[in-house]
Each structure stands twice: as structure tokens, then as C-alpha cells.
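Novice: Pasting a structure here, questions to come.
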Amino acid sequence: MSTPVKVAVTGAAGQIGYSLLFRIASGSLFGPDTPVELRLLEITPALKSLEGVVMELDDCAFPTLAGVQIGDDPATVFDGVNFALLVGARPRGPGMERGDLLEANGGIFAPQGKALNDVAADDIRVVVTGNPANTNALIAQSNAPDIPASRFSALTRLDHNRAISQLAAKTGAAVTDIKKMTIWGNHSATQYPDLFHAEVKGQIAADLINDQDWLENTYIPTVAKRGAAIIDARGASSAASAASATIDHARTWAQGTPDGDWVSMAVKSDGSYGVAEGLISSFPVTVKDGEWQIVQGLELNDFSRAKIDASVAELAEERDAVKGLGLI
Ligand code: NAD
Ligand code: LMR
């Protein structure tokens, strides 16, 4: 067995944490031959409940779990961590948009960015799941000037997985037949799942379906508003699927994308596809040797251009709002 990978999870006593920790500890992230050490951050009142979760982790006797530390101080918990999965934040309730959480949750990510900057390992990679995920990632990144900006990302893999699943259901294809799915923009109701580049068994999905009305009025809203539909149905926001997507995202970052495919990740824009430089926006990316690259050269039709522009405009508004709050 190799040296343990140190993985920090914030909000570890929450609903997503309850699914995520057991997946990481059992080897879903780095495989059966790589031990992991969990570093779990919570707010002080949640530490007792987190102790109970740690008792359950102990009781699983996972061969890949090399150790667990818990605490309420980011500077201690993040010391030497290789991956940080920033989940801890308040979820939205019925009738709220994710952007409504900016003020409540934005304040969490500035101190966590600073702590990562000070104590994380040199190869740190950060995944922000807590909402509003893109802008929280921007806050953390802006507060960590010594960490390359490319090490910060936000989760749009859940949207990506939802987009694949809905397309598979429509076409009768298996999820494994679907490649080159892209979510562009914000993890919000303005996100744009793109069927003009996604392929079903090698055929462009939009051509195969050939129904702009379904694409525009059924498919895109179903994917983009899936989070709200789950809150309505479950009375709580998605948890197991969000944990699973967080694992998918981090595993892809560690292990790379397969040839002939890409994934969606929200990463810092370098101006590609006209997305304002510096925003953390979702793009199609490939990953090799732990480094992501935005897929270049995709043609965007007028419909896609307008959808991407609308989502990016929302990201720019969120950035301006957190700038106004002094968080970046
Ligand atoms: P939850 O309320 O069950 O758990 C959140 C946990 O975070 C709580 O235990 C809370 O004590 C903790 N926390 C709060 N402030 C903290 C801080 N400063 N440091 C450490 N921990 C802190 O919520 P949940 O259902 O687990 O969701 C967590 C977040 O993930 C929410 O913001 C939710 O909207 C978001 N989410 C994102 C996606 C996505 O696709 N990006 C999907 C689902 C949920
Ligand atoms: C989701 O997409 O399920 C999460 O972001 C939770 C939410 O508020 O929708």
C-alpha cells in the first residue's frame, strides 16, 4: 500500500457527508490500493454528531481507511491535505434559488480559502460542492493567492450526470453509450446542458432527437431544475447523488478522462468561448496527469451562444455581489 492520500471534507456531519465519507473510505475515490486519511471539518455544535459518524466509519473496518481526524478549525484540519471537498454550507429550501445563499454561505469560503493557502499540501486540489458552488469556489480561490487558480473547481458533475441520465431515458440508449456531454455556465437554473456536441452511440444527440421544442422546453428545464424537483419530492436537497457526483469529479481529476470523451467541471475561465476571464464557469474539460484543460474548438450555434451568455451573465452578477460583500 502507498502513502495515504489526505482528503478533507467540510460539512462532514451533513446529509451529503453521510454518503460521501463512506464512499471515500471504501476506496471509491482512489481505488482499493490507495489508503486515505480523512480530515473532517464541522462547526462546533455539529462535532458531537460527527463523532457518531466516525464511530460508524470505524465499525465498517474499511481496509483503505488509514485514519480519521475531526475538528472545527480549518487551519488544523486542512494541514497537509491533498484534496479538499468543500461541502459544508447551508442548503436551499423550497422556493429559494441557489443564488439566495450567497450571503449566508459566501462567508464560509473566504476563511477556508485562506486556511488552504496556509497549510494544504503543494498538490492540493479543491472541489466546491456547497452552494452557490461556482461563486463559493471563486471566493475560496481569491483568498488563496499562493495556490494556482487551476486547483480550484466547482461541482457541475451532478448536472452532467442528470443530463446523461435524461438523454439516455429519451433515446433508450445506455448511459455508457453517451459521450461528450457538456454543462456550460453556472450550477443554477440558467445552466446549459448542450446536446449539440453530446453524442449517442457516435451520433450528435440534437440530430438524433431532431426536436428543438423538446430540447428547449422539456430537456433543458428538467436538467436545470432537477435540484428543485428533488427538494419538492424529498423535502431536502439531493444528497446521495451529490455525494456520488463529488466522487466522480474528484476521481476524474485524479485519474483523467478516457480517450474520446470529456466531463463538465466548473473551472476558472481563461476567456475560452467568450466566458469572462476569472469567472468559475462550467466547461467541457479533459484531464490528464491531474491537470484539466478546456476542450477547444467547439462550434456554438446562436441558440447555444445565447444560453451560455445568459448563464455567464448570472455568474458575473454573483461575482459582483460577493465583491460588494468584501469576500473577494
Ligand atoms: P446539510 O445542511 O445536511 O449539511 C451541511 C453541513 O455543513 C452541516 O452539518 C453544517 O453544520 C456544516 N457547516 C456549515 N458551516 C460550516 C463551516 N463553516 N465549516 C464546516 N462545516 C460547516 O447540507 P447538505 O445537504 O449536506 O448540503 C451541503 C451543501 O451542498 C448545500 O449548500 C447544498 O445546497 C449543496 N449541494 C450542492 C450540490 C451541487 O451539485 N453542487 C448538490 C447538492 C447539494
Ligand atoms: C442540486 O442541484 O441538487 C443541489 O444544488 C441542491 C439544490 O439546491 O438544488
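Novice: Could you list, in sequence order, the residues of the stretch 74-108 that are touching a residue at least 12 places away in the same chain (Cβ under 8 Å) and acidic (Asp, Glu)?
Specialist: 79, 97, 103
Novice: Considering each of 256, 227, 172, 260 in turn, give the residue that is on the phi > 0 side of the Ramachandran plot, modelled with pLDDT of 95 or more, under 20 Å from the mean Cα position of the chain (by Cα) and assigned by TED's automatic domain parsing to the domain that holds residue 308. Quick ask: steps written out before the conclusion?
Specialist: On the way: 227 fails: on the phi > 0 side of the Ramachandran plot; 172 fails: under 20 Å from the mean Cα position of the chain (by Cα); 260 fails: under 20 Å from the mean Cα position of the chain (by Cα).
That would be 256, the only listed residue that is on the phi > 0 side of the Ramachandran plot, modelled with pLDDT of 95 or more, under 20 Å from the mean Cα position of the chain (by Cα) and assigned by TED's automatic domain parsing to the domain that holds residue 308.
Novice: I'm trying to understand the selection: among the residues of the stretch 20-60, which are farther than 19 Å from residue 133 by Cα and in contact (Cβ under 8 Å) with a residue 60 or more places away in the chain?
Specialist: Matches in the stretch 20-60: 23, 24, 28, 29, 30.
Novice: Any residue that is in contact with a Lys or Arg (Cβ under 7 Å, 6 or more places away or on another chain), in the same structural domain as residue 148 (by TED's automatic domain parsing) and more than 20 Å from residue 227 (Cβ to Cβ) - is there at least one of those in the stretch 9-28? Talk me through it step by step, then tell me what you get.
Specialist: Going residue by residue through the stretch 9-28, those that are in contact with a Lys or Arg (Cβ under 7 Å, 6 or more places away or on another chain) are none.
No, the stretch 9-28 contains no residue that is in contact with a Lys or Arg (Cβ under 7 Å, 6 or more places away or on another chain), in the same structural domain as residue 148 (by TED's automatic domain parsing) and more than 20 Å from residue 227 (Cβ to Cβ).
Novice: If you don't mind, there's one more thing I want to ask. Of (1) outside any helix (DSSP H, G or I); (2) surrounded by fewer than 17 Cβ atoms within 10 Å (Cβ to Cβ); (3) within 11 Å of ligand 1 (Cβ to nearest atom), residue 8 satisfies all except one. Which?
Specialist: Here residue 8 meets the rest and fails (2).
Novice: Moving to a separate point now. If I filter the stretch 95-109 down to residues being part of a helix (DSSP H, G or I) and of a type in the set (D, E, K, R), which single residue comes out as nearest to ligand 1 (Cβ to nearest atom)?
Specialist: Ranking the qualifying residues of the stretch 95-109, first place goes to 98.
Novice: Determine if the stretch 247-269 includes at least one residue that is within 10 Å of ligand 2 (Cβ to nearest atom) and not aromatic (Phe, Trp, Tyr).
Specialist: Let us first name the residues in the stretch 247-269 that are within 10 Å of ligand 2 (Cβ to nearest atom), namely none.
Checked against the condition, which is being within 10 Å of ligand 2 (Cβ to nearest atom) and not aromatic (Phe, Trp, Tyr), the stretch 247-269 yields no hits at all.
Novice: When you look at residue 61, is it more than 20 Å from the chain's Cα centre (by Cα) and within 9 Å of ligand 1 (Cβ to nearest atom), yes or no?
Specialist: Working: more than 20 Å from the chain's Cα centre (by Cα): yes; within 9 Å of ligand 1 (Cβ to nearest atom): no.
Taking the combined requirement at face value, the residue does not satisfy it.
Novice: Of the conditions (1) within 28 Å of residue 305 (Cα to Cα); (2) touching a strand residue (DSSP E or B) at 6+ places or on another chain (Cβ under 9 Å), residue 250 fails just one. Which one is it?
Specialist: (1)
The values are calculated or read from the model by the stated rules, or taken from the named source; none is laboratory data. None of the values given here were measured: they were computed from a predicted structure. FYI the Cβ positions are ideal-geometry reconstructions off the backbone, even for glycines, and counts take in every protein chain you see.
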